[in-house]
Amino acid sequence: MSITTRLKEIRATLPEQVRLVAVSKFHPPEVIREAYNAGQRIYGESRVQELLTKYESLPRDIEWHFIGHLQTNKVRYIVPFISLIESVDSIRLLDEIEKQAGTAGRKIPVLLQVHIAREEQKFGFAPDEVEKLLLSPGLEQKYRHIRFSGLMGMATFTDDHVQIAQEFKGLAELFQRLKGQYRDDSGSFSELSMGMSDDYLLAIEKGSTSVRIGSKIFGIRE
Ligand SMILES: *Cc1c(COP(=O)(O)O)cnc(C)c1O
């Protein structure tokens, strides 16, 4: 099956308000071009060097999302063009994005990554940490060059759908609560990024607004 056909099939299952992020990590630019020609404009990458190479060689109207663990010393390379950093997992990283975005004269949209899985996860905030951060006084003044656009999370790697559904539901409830409490000037806290190739329909059922799909579009990664 071609990428174009797979994209069409996936799009047919998405409600209109749900965004599709095509996770193109590990796949070469030619493959992205095929998806681009099929109308796909948003891509997710998880490594800075790989993203830079692709950014240089592909059309400029692509919206690049960073979805992997981002080292602070690499922030400055992606800040000039990144559309959304979905994987902000520490205050230290937030501070560095603020600094680099200030230098670049941009306001960068970010999602805070929350660890919701039962398994040990290396990266992400605990739910109560996210809450504390977003509701802390003076947040807007401290991070003038950051737009807090929502949350991102990944479920436990398991076949247990009940478990996955519970984790998505927990994240969606946190998101709704914060959306009600966190008020910025533009009301931009609106994105709940959850769901990958194997669990995206479940994620949508639980309230996802953006799904990150890789292997179901591009096939198995090497
Ligand atoms: C790789 C990756 C995906 C895509 O996973 P698939 O199972 O191939 O759809 C989604 N989100 C994140 C954060 C990833 O690292």
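The values are calculated or read from the model by the stated rules, or taken from the named source; none is laboratory data. If you're wondering where the values come from, they're calculated on a predicted model, not measured in any experiment. Note that we place each Cβ from the backbone using ideal geometry, even for glycine, and neighbour counts take in every protein chain shown.
One table, with the values for the structure above:
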{"item": "Within the stretch 177-216, tally of residues that are more than 8 Å from the ligand (Cβ to nearest atom), more than 25 Å from Ile146 (Cβ to Cβ) and touching a residue at least 60 places away in the same chain (Cβ under 8 Å)", "result": "2"}
{"item": "Residue match in the stretch 2-21 (condition: closer than 18 Å to Leu151 by Cα and without any contact (Cβ under 8 Å) to a residue 24 or more places away in the chain)", "result": "no"}
{"item": "Some residue of the stretch 199-208 being within 17 Å of the chain's Cα centre (by Cα), under 18 Å from Glu45 (Cα atoms) and among the β-branched types (Val, Ile, Thr)", "result": "no"}
{"item": "Tabulated pairs, the stretch 29-42, first touching a residue at least 12 places away in the same chain (Cβ under 8 Å), second of a type in the set (Lys, Arg), C-beta under 6 angstrom, 6+ apart or interchain", "result": "Pro29/Lys54"}
{"item": "Tally of residues being in a helix (DSSP H, G or I), crowded, with 17+ Cβ neighbours inside 10 Å and aliphatic (A, V, I, L, M) across the stretch 1-35", "result": "5"}
{"item": "In the stretch 100-128, residue surrounded by the most Cβ atoms within 10 Å (Cβ to Cβ) [restricted to those that are small (Gly, Ala, Ser) and farther than 14 Å from Ala155 by Cβ]", "result": "Ala101"}
{"item": "Some residue of the stretch 126-133 being modelled with pLDDT of 95 or more, at negative phi and within 16 Å of the ligand (Cβ to nearest atom)", "result": "no"}
{"item": "Extreme residue, surrounded by the most Cβ atoms within 10 Å (Cβ to Cβ), among residues of the stretch 193-222 that are part of a helix (DSSP H, G or I) and β-branched (Val, Ile, Thr)", "result": "Ile217"}
{"item": "Single residue of the stretch 65-92 satisfying the filter (over 21 Å from Met194 (Cα atoms) and among the aliphatic types (A, V, I, L, M)) that is nearest to the ligand (Cβ to nearest atom)", "result": "Ile78"}
